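Chemist: After the C-alpha cells below, expect a handful of questions from me.
Read the figures in this text as sums done on the coordinates, not as results from a lab. Note that the structure is a prediction, hence the values are computed from the model and not measured. Glycine also receives a Cβ, built like all others from the backbone with ideal geometry; neighbour counts cover every protein chain displayed.
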Amino acid sequence: MIRILDGGMGRELLRMGAPFKQPEWSALALIEAPDYVRAAHDAFVRAGADVVTTNSYAVVPFHIGEERFAQQGVTLADRAGRLAREAATAAGGARAVQVAGSLPPVFGSYRPDLFDAQQAAPLLDALVRGLQAHVDLWLGETLSSTAEARAVREVLRGRGEDERPLWLSFTLDDSGNVQAIAEGRERAHLRSGETVEAAVEVALELGAQAFLFNCSQAEIMRAALQEARDVRERKGASLELGVYANAFEPERESMAANDGLSTLRADLEPDGYAEFARSWAQAGATLIGGCCGIGPEHIERLASVVRDGATST
C-alpha cells in the first residue's frame, strides 16, 4: 500500500498570504497567524495526504533566534503539533490521517559541517517535548549526515520515545551532475559525502521503520531509492522506503543555507511531478509526497496516480 505525504508548508503559507519572511520562514505564521498553518494542513488533507507533518521545521534558533527559542520553543512546537492533530482529526471518514512530528536539522538545512551533537541535543529535546502529545510518528527530515540521524534517535530515547515509529529522511547532494546520477553513471550520496548504503545501515541500526529521501532534485531520487532498496534486500531487512522531492531550480553550490527564496522549476507542475512519483512507486517507494514548492495541487494529482493504482504505465 502506498501512503501519500503532504507537500511543502513554507511555500504554501507564502502562496496563501500568511506572514512569511526571513529569518523566521514558516515559523512566522505559527507565531503570528496560526490559523494559516491549520488552513495549509487542511488543504493537504483535502488533496489526499495520508500523513501531515507538523510545522516545526523552522522552530529552531537558526530561524527564530536563541532568545525566542529559549522562551517559546516548546510552546511553539506544541502549537505546531496541535494544529496538525486538529487537521488530521477533522479529516474523519474512512481515511485515517497520521501526524508526523518534524525534527529538522537544527543548525540549518544542507549544513552537515555545522552540526554539533552536544549542542543539538537540547534543541531537539525542546521540540520533542512540545510535539510529544500530538504525533503518531517521528520524522527526522532533511538530514545531511548520519550523525544528525543518531542525534535524533538519542534524544527520542531520552524522552522514552522508543515505541512510536521513527522515519529518517536524508537530503542528497544535488550540486553536481544530476543527470549522471539519474543514469547510474555516478552514485548518489548524502550532503556529508556519506553513501546511501551507510545511511541505510545507520537507519537499520537505529531501529527506523522508514527510510526516505527529501529536499533534493527529483531526477536523482529513483537512483538513490534503488540503491537503498538493494541494501535493504541484501540485508533481509524490513524498512519502508519513501521520497518527497523539492521543486527548486539547481542551486549554486556556494549559496548559503536558507539564503532567500529559491527559484522554483517551471517543469514540475502537478502532472510532471506525478510522473516522477510514478517512477518512485515502481522502484519500491511506499511513502510519497512533496517538499519545498510542492503544493496541494501536486499532492492531489500524485494521489490519483500512485495511490489509486496507476503505477504501471
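Chemist: Okay, helix-only estimate at 222 nm for the chain: each DSSP H run of n ≥ 4 adds -39500 (n - 2.57), divide by all residues, round to 500 deg cm²/dmol; what do you get?
Modeler: Here the helix-only value at 222 nm equals -13500 deg cm²/dmol.
Chemist: Percent relative contact order of the chain, based on C-alpha pairs within less than 8 angstrom and at least six residues apart?
Modeler: 20
Chemist: Find which of Leu204, Thr89, Val59 sits farthest along the positive direction of the dipole of segment 3-307, computed with +1 on the beta-carbon of Lys and Arg, -1 on that of Asp and Glu, about the Cα centre.
Modeler: Highest projection toward the positive end goes to Thr89.
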